[in-house]
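The values are calculated or read from the model by the stated rules, or taken from the named source; none is laboratory data. Everything quoted here is computed from the prediction, not taken from an experiment. All Cβ positions, glycine included, derive from the backbone under ideal geometry; neighbour counts span all protein chains shown.
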Amino acid sequence: MWVESVACNLFVMVGGSALAAAALRLWLGRSRLETYRHALAGINLIVLALFGLAMFDGVVIRMFSEPLLLLGLSAVAFIVALGSLGIAMAMPRAMGGDEAFIAGFATGHRNVGLMAAAQYGSSLPELTWLYFALAQLPIHLTPQIIRAIASARGSVLKRPSSGRIGE
């Protein structure tokens, strides 16, 4: 059934990635991975760029043919993304403002791409895939949004610290 195939896809993707990472770590060793971390980050950037190109296939054409639909879906994507970020920041508020801020940033957009990839081959409506493509915008623009929020709050790095967690 549908749920079982999605779960199987997720298991293969996450399990395969974990297995490949463990094998690379064993084969190359931690010191070599650390030595080549910038090159590996560059490879990751290329993969993400290809992912983005694939996701936005046809979006530009639809922007001209259905601009209100795309603007509406983009607005929903930003509302959902910033709402999930806000909820993720509010939940661990007892940790302290800065820690909650970082936790919210780290968890606010978790696994959107993974869930969509697991749906590959399913009979989801085309509008779902269009929304998924547009949901990438707030995910990739979040660092700029966070930078603006951090500037408004005052830089965490510029404030004096007593060395205690949560200050």
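Quick notes
- Scanning segment 12-35 turns up one or more residues that are at positive phi and at pLDDT 85 or above.
- Picking from residues in segment 47-68 that are hydrophobic (A, V, I, L, M, F, W, C) and in contact (Cβ under 8 Å) with a residue 24 or more places away in the chain, the one that is farthest from Ala133 (Cα to Cα) is Phe51.
- Looking at Leu45, Leu40, Leu50, just one residue is of a type outside the set (S, T, N, Q), surrounded by 12 or more Cβ atoms within 10 Å (Cβ to Cβ) and part of a helix (DSSP H, G or I), and that residue is Leu40.
- Selected residue (only one of Ala133, Ala100, Ala94, Ala116 is at pLDDT below 75 and touching a Phe, Trp or Tyr at 6+ places or on another chain (Cβ under 8 Å)): Ala116
- Condition check for Ile61: surrounded by 10 or more Cβ atoms within 10 Å (Cβ to Cβ) and hydrophobic (A, V, I, L, M, F, W, C): no
- Residue pairs meeting the criteria (Cβ under 6 Å; at least 6 apart or on separate chains; first touching a residue at least 60 places away in the same chain (Cβ under 8 Å), in segment 133-145; second of a type in the set (Phe, Trp, Tyr)): Ala133/Phe56; Pro138/Phe78
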